[in-house]
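Student: Let me give you the structure first, and then I'll get to my questions.
The values are calculated or read from the model by the stated rules, or taken from the named source; none is laboratory data. Only a predicted model underlies this, so the values are computations on that prediction, with no experimental measurement involved. No Cβ is skipped: glycine too gets one built from the backbone with ideal geometry, and neighbour counts run over all protein chains shown. SASA here: full protein model, heavy atoms, side chains in, ligands and nucleic acids out. Shrake-Rupley method; radii C 1.70, N 1.55, O 1.52, S 1.80 Å.
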Amino acid sequence: MTNSGPDLTDVELFVRNEHHRTFAEMRRSSPIYWNEGADGNNFWALTTYDDVVWAYRNHELFSSARGAIVGGSFRSRDDTAAGSMLVAADLPRHRLLKQQILPAFSAAALHRVSVQVSLLIDRAVDKLLAEGGGDFATEVAAELPAGALMAVFGIGYDDAHALISLTRRMMGYRDEQFVDTGTDGSLRLAWLQAEIFDFFANVAAARRRNPGDDLVSLLLGGKVNNRPLSEEEVFYNCLNVAVGGNETSSYTVCSGLVALIENPDQFDRLAANADLLDSALNEILRWSSTNSYVQRVATRDVIRNGVVIGSGDSVTLWNVSANRDENQFPDAELFDVGRNPNRHVTYGVGIHRCMGAPVAQIEMSHLFRRLLAAGVRLELAGPLRRLRSNFILGITRLPIKIV
């Protein structure tokens, strides 16, 4: 089962932005691909839209217990959060945990997110316009998750940015911009997770004294099968929500802005017709595919299009490839703000579809409405920098100028 093709554990492939061409070749020649990673992680890679959706929907056949990230647990083949964290749980446990988290995304909670995000974005964009530009990635995009964290967790602005810094280091655990890469990667992940748990331990202590309607308070008061959630379960699910929110929306809007700058006809088209914003946001989500893949594990042997996937094999579902599949998206390599239909898989499919999707839509909508209302043109003011990751596809530096 050896392969001599591309190695999808090679983060440089993604840093160089060469992965789209690689996946296009894989979809044609080996859509279900056995990857033997140079880092020791071996897995099947599903690259077509149909195969990725098939795996998402067959959640009994493809378990989430190994965790979403290949090699993401320290000295453990399966995720140490298996059964405790929503993203690493299967039914019926997944449904029970989800019931505890959903109230944090109620209509009232989404309204609080909307108000807080709009305040921060207006301030950040005003500053950007006044100064004629800046680093969009750090000075504007990072305010999206900050506003959401403040509303969802009931924390202040400084704490929100402290948490963003922690999750950014965790997802950038192979990036020298965020961490010392001279140590073992899995060990770095374990230490960074511990730091985030310490953060939430402090929040939990405050909520026990003075509970509210935030996510931490909800989880502390939650029960599964009439049993209170353990402290570890509370922290894991806070981590799940924080990472899912922090590391997607801000990176997605950066990729979206680059797409609009590089396709000025589409920017003009959107600026001339505000009714296109919803379809433009979906195209940005498809185009960016910030969460590039998720991992599953086969619970039994299965044959798919003549390929035998063995019980216990790791299987990766590559959203980033599915979202450029020519058989699903005509002219998939064209950025089209009016694309319709646009059934992208950026938020996942089925029971594991991202419950934070409404928050992301609110965040992105506020930002792009504000930028379009400014009536200005934006250009790159220098080279951008991409995160050293094959899991989160992000831009960590994005200098722009107003023209």
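Student: Need one word for the stretch 224-370: rounded, prolate or oblate. Basis is the Cα gyration tensor (sqrt eigenvalues a ≥ b ≥ c); a/c below 1.5 gives rounded, then a/b vs b/c decides. Walk me through the numbers before you get to the answer.
Tutor: On the way: a/c = 2.81, a/b = 1.37, b/c = 2.05.
The shape class here is oblate.
Student: Specify whether the C-alpha gyration tensor of the stretch 169-281 places it in the rounded, prolate or oblate class, a ≥ b ≥ c being the square roots of the eigenvalues: rounded for a/c under 1.5, otherwise prolate if a/b is larger than b/c and oblate if not.
Tutor: On the way: a/c = 3.49, a/b = 1.56, b/c = 2.23.
It is oblate, given that a/c is not under 1.5 and a/b is not larger than b/c.
Student: If you look at just the Cα atoms of the stretch 1-149, how large are its Rg and its Dmax in Å?
Tutor: Both quantities, over Cα of the stretch 1-149: 20.5, 58 Å.
Student: Can I ask one more? If you put +1 on each Lys and Arg Cβ and -1 on each Asp and Glu Cβ, how big is the dipole of the stretch 162-273 around its Cα centre, in Debye rounded to 20? Mind showing how you got there, number by number?
Tutor: Working: 10 positive and 15 negative charges, 102 e Å.
The dipole magnitude comes to about 480 debye.
Student: List the residue ranges in the chain for DSSP H helices whose C-alpha atoms run 18 angstrom or more along the long axis and whose Kyte-Doolittle average is 1.0 or above.
Tutor: On the way: long enough: 107-131 (36 Å, 0.70); 157-171 (21 Å, -0.17); 185-209 (37 Å, 0.21); 231-246 (22 Å, 0.02); 249-262 (20 Å, 1.18); 357-374 (26 Å, 0.58).
Span-like helices in the chain: 249-262.
Student: Further question: Roughly how big is the chain's charge dipole about its Cα centre, with Cβ charges of +1 (Lys, Arg) and -1 (Asp, Glu), in debye to the nearest 20?
Tutor: Working: 40 positive and 48 negative charges, 171 e Å.
Charge dipole of the chain: 820 debye, to the nearest 20.
Student: Moving on. Return the lysines within reach of Lys98: Cα separation strictly under 26 angstrom, same-chain partners fewer than 8 residues apart disregarded; answer none if there are no such residues.
Tutor: Correct list for Lys98: Lys223.
Student: How large is log10 I(q)/I(0) at q = 0.14, 0.21, 0.22, 0.26 Å⁻¹ when the Debye formula is applied to the Cα atoms of the stretch 149-234, each weighted equally and without solvent?
Tutor: The computed values of log10 I(q)/I(0) come out as -0.57, -0.99, -1.04, -1.22.
Student: Quick one: give the max-minus-min coordinate of the C-alpha atoms of the chain along each principal axis, largest first, in Å.
Tutor: 58, 57, 42
Student: Top mean-square fluctuation among Asp265, Asp78, Asp175, Gaussian network model of the chain, C-alpha springs under 10 Å?
Tutor: The residue that fluctuates most here is Asp265.
Student: Taking θ as phi - 60°, what are the ³J(HN,Hα) couplings along the stretch 344-352 by the Karplus curve (6.51, -1.76, 1.60), each to the nearest whole Hz, with x for Gly and Pro?
Tutor: Residue by residue, the stretch 344-352 yields 5, 10, 4, 8, x, 9, x, 5, 9 Hz.
Student: Using DSSP to call loops (not H, G, I, E or B), can you name the GluC sites (Glu not before Pro) in the stretch 58-164 whose Cβ has at most 10 other Cβ atoms within 10 angstrom? Can you show the working numbers first?
Tutor: Numbers: sites: Glu60, Glu131, Glu139, Glu143; in loops: Glu60.
Listed in order of number, the matching sites are Glu60.
Student: Can you pull out the chymotrypsin sites (Phe, Trp or Tyr not before Pro) in the stretch 310-403 that DSSP calls coil and that have at most 14 other Cβ atoms within 10 Å?
Tutor: Filter output for the stretch 310-403: empty list.
Student: If you take every DSSP beta bridge whose two residues both sit in the chain, what share of them, in percent to the nearest 5, is antiparallel? Intermediate results must be reported in sequence, preceding the final value.
Tutor: Numbers: 26 of 29 bridges.
Counting only bridges with both partners in the chain, antiparallel ones make up about 90 percent.
Student: Taking every pair of alpha-carbon atoms in the stretch 208-270, what share in percent sits in each 5 Å bin, from 0 to the bin with the longest distance?
Tutor: Spelled out bin by bin, the stretch 208-270 gives 4, 14, 16, 14, 11, 8, 8, 8, 7, 7, 3, 0 percent.
Student: If you don't mind, another one. As a test of the formula, what do you get for the chain when each DSSP H run with n ≥ 4 contributes -39,500 (n - 2.57) and the sum is divided by the residue count, at 222 nm and rounded to the nearest 500 deg cm²/dmol? Don't skip to the end; give the middle numbers.
Tutor: On the way: 15 runs with 189 residues, N = 403.
Dividing the helical sum by the residues of the chain leaves -14500 deg cm²/dmol.
Student: Using a Cα-Cα cut-off of under 13 Å, which aspartates and glutamates could be cross-linked to Lys127, ignoring same-chain neighbours fewer than 8 residues away?
Tutor: Asp135, Glu139, Glu143
Student: When 1/r is averaged over all different Cα pairs and the result inverted, which Kirkwood radius in Å belongs to the stretch 107-176?
Tutor: On the way: mean 1/r = 0.0778 Å⁻¹.
Here the Kirkwood hydrodynamic radius works out to 12.9 Å.
Student: If you place +1 on the Cβ of every Lys and Arg and -1 on the Cβ of every Asp and Glu, how big does the dipole about the Cα centre of the stretch 283-338 come out, in debye to the nearest 20?
Tutor: Dipole size: approximately 340 debye.
Student: Could you please state, rounded to a whole Å, how far the C-alpha centre of the stretch 36-59 is from the C-alpha centre of the stretch 173-215?
Tutor: Centre-to-centre distance over Cα atoms comes out at 28 Å.
Student: Same structure, new question: Given a 1.4 Å probe and heavy atoms of the protein chains only, how would you sort Thr346, Thr299, largest accessible area at the top? Don't skip to the end; give the middle numbers.
Tutor: On the way: Thr346 20, Thr299 70 Å².
Solvent-accessible surface, decreasing: Thr299, Thr346.
Student: At a threshold of 8 angstrom on Cα-Cα distance, excluding pairs fewer than six apart, so keeping six or more, what relative contact order does the chain reach in percent?
Tutor: Numbers: 668 pairs, mean separation 99.7, N = 403.
Normalised by residue count, the contact order of the chain is 25 percent.
Student: Something else about it: From the Cα gyration tensor of the stretch 71-217, with a ≥ b ≥ c the square roots of its eigenvalues, which class applies: rounded if a/c is under 1.5, or else prolate if a/b is larger than b/c, or else oblate?
Tutor: Working: a/c = 2.03, a/b = 1.17, b/c = 1.73.
Cα axes put the stretch 71-217 in the oblate bin.
Student: Whole angstrom only: what separates the Cα centroid of the stretch 82-151 from the Cα centroid of the stretch 233-280?
Tutor: When both Cα centres are located, 12 Å separates them.
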